[in-house]
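J.: Could you have a look at this structure, given as structure tokens, before my questions?
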Amino acid sequence: MTDRIPDGLRELLAHAAGEGHAPWRSLLKAGDWLLLLAVGVLVAASYPLLWRGGVADRAIVKRDGQLVTELALNVARKYEVTGAIGTTVIEVQPGRARVLSDPGPRQYCVQQGWLTRVNAVAICAPNHVTLQLTGRSGQNGAYDTLNY
């Protein structure tokens, strides 16, 4: 077999690479750009409509994977959970919950802020405490993601 590329193949590759031709963007007409813009707007508008969780109505607090308590999200309150290295304070207000304080060194679960959506989770790993929101969420409410 020779190391030479046939002339027809060389021309085809040069054409595909755009050598000696205008860039592909110059081949798009005004209608093509309008269609791309419309599709981009449609995708951006559908994101908040199709990817939102349901209404959260309960906060589930677990320690070492075991249920400690379920808190309704309709009354403001604070709840203390004793974990492996100290006490974690959960704050609940109508429609949302957060980890107010935690003895962990990096405070990731505190920095998570207010949780408002179904299946949102704050994990205080050093203290073995988790906070998760649950509630009504239409179809497939029990799943965070689905794989095929």
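J.: Would you confirm whether any residue within the stretch 107-124 is of a type in the set (Gly, Ala, Ser), under 12 Å from residue 56 (Cβ atoms), at pLDDT 95 or above and under 23 Å from the mean Cα position of the chain (by Cα)? Break it down into steps so the answer makes sense when it comes.
T.: Filtering the stretch 107-124 for residues of a type in the set (Gly, Ala, Ser) gives 113, 120, 122.
Now drop any that are not under 12 Å from residue 56 (Cβ atoms), which leaves 120.
Cutting the leftovers down to at pLDDT 95 or above gives us none.
There is no residue in the stretch 107-124 that is of a type in the set (Gly, Ala, Ser), under 12 Å from residue 56 (Cβ atoms), at pLDDT 95 or above and under 23 Å from the mean Cα position of the chain (by Cα).
J.: Do you know which residues across the stretch 99-120 are crowded, with 17+ Cβ neighbours inside 10 Å and in contact with a Cys (Cβ under 9 Å, 6 or more places away or on another chain)?
T.: Passing the criteria: 99, 102, 104, 109, 110.
J.: Looking only at the stretch 64-79, decide whether some residue is without any contact (Cβ under 8 Å) to a residue 60 or more places away in the chain, in contact with a Ser or Thr (Cβ under 6 Å, 6 or more places away or on another chain), closer than 16 Å to residue 131 by Cβ and assigned to a strand (DSSP E or B).
T.: Checked against the condition, which is being without any contact (Cβ under 8 Å) to a residue 60 or more places away in the chain, in contact with a Ser or Thr (Cβ under 6 Å, 6 or more places away or on another chain), closer than 16 Å to residue 131 by Cβ and assigned to a strand (DSSP E or B), the stretch 64-79 yields no hits at all.
J.: For the stretch 93-132, enumerate the residues that are closer than 15 Å to residue 64 by Cβ and assigned to a strand (DSSP E or B).
T.: Correct list: 123, 124, 129, 130, 131, 132.
J.: With 134, 88 as the choices, which residue is touching a strand residue (DSSP E or B) at 6+ places or on another chain (Cβ under 9 Å), hydroxyl-bearing (Ser, Thr, Tyr) and modelled with pLDDT of 95 or more?
T.: On the way: 134 fails: modelled with pLDDT of 95 or more.
Within the list 134, 88, the selection yields 88.
J.: Quick check on this structure: which one of 36, 73, 27, 67 is of a type in the set (A, V, I, L, M) and touching a Pro at 6+ places or on another chain (Cβ under 9 Å)? Outline the logic, then answer.
T.: Working: 36 fails: touching a Pro at 6+ places or on another chain (Cβ under 9 Å); 27 fails: touching a Pro at 6+ places or on another chain (Cβ under 9 Å); 67 fails: touching a Pro at 6+ places or on another chain (Cβ under 9 Å).
One residue alone meets the criteria, 73.
J.: Still on this model: Given (1) without any contact (Cβ under 8 Å) to a residue 24 or more places away in the chain; (2) more than 18 Å from the chain's Cα centre (by Cα), where does residue 99 come up short, assuming only one miss?
T.: So the condition that residue 99 fails would be (1).
J.: Okay, moving on. Report, by residue number, each residue of the stretch 33-82 that is under 30 Å from residue 104 (Cα atoms), within 24 Å of the chain's Cα centre (by Cα) and β-branched (Val, Ile, Thr).
T.: Within the stretch 33-82, 55, 60, 61 meet the criteria.
J.: Right, here's the next one. Could you please tell me which pairs satisfy a Cβ distance under 9 Å, a separation of 6+ or placement on different chains, a first residue in the stretch 1-14 that is small (Gly, Ala, Ser), and a second residue that is modelled with pLDDT under 75?
T.: Once the first residue is small (Gly, Ala, Ser) and sits in the stretch 1-14, its partners that are modelled with pLDDT under 75 give 14/20; 14/21.
The values are calculated or read from the model by the stated rules, or taken from the named source; none is laboratory data. Being a predicted model, the structure only gives us computed values, none of them experimental. Backbone-built Cβ (ideal geometry, glycine too); neighbour counts: all protein chains shown.
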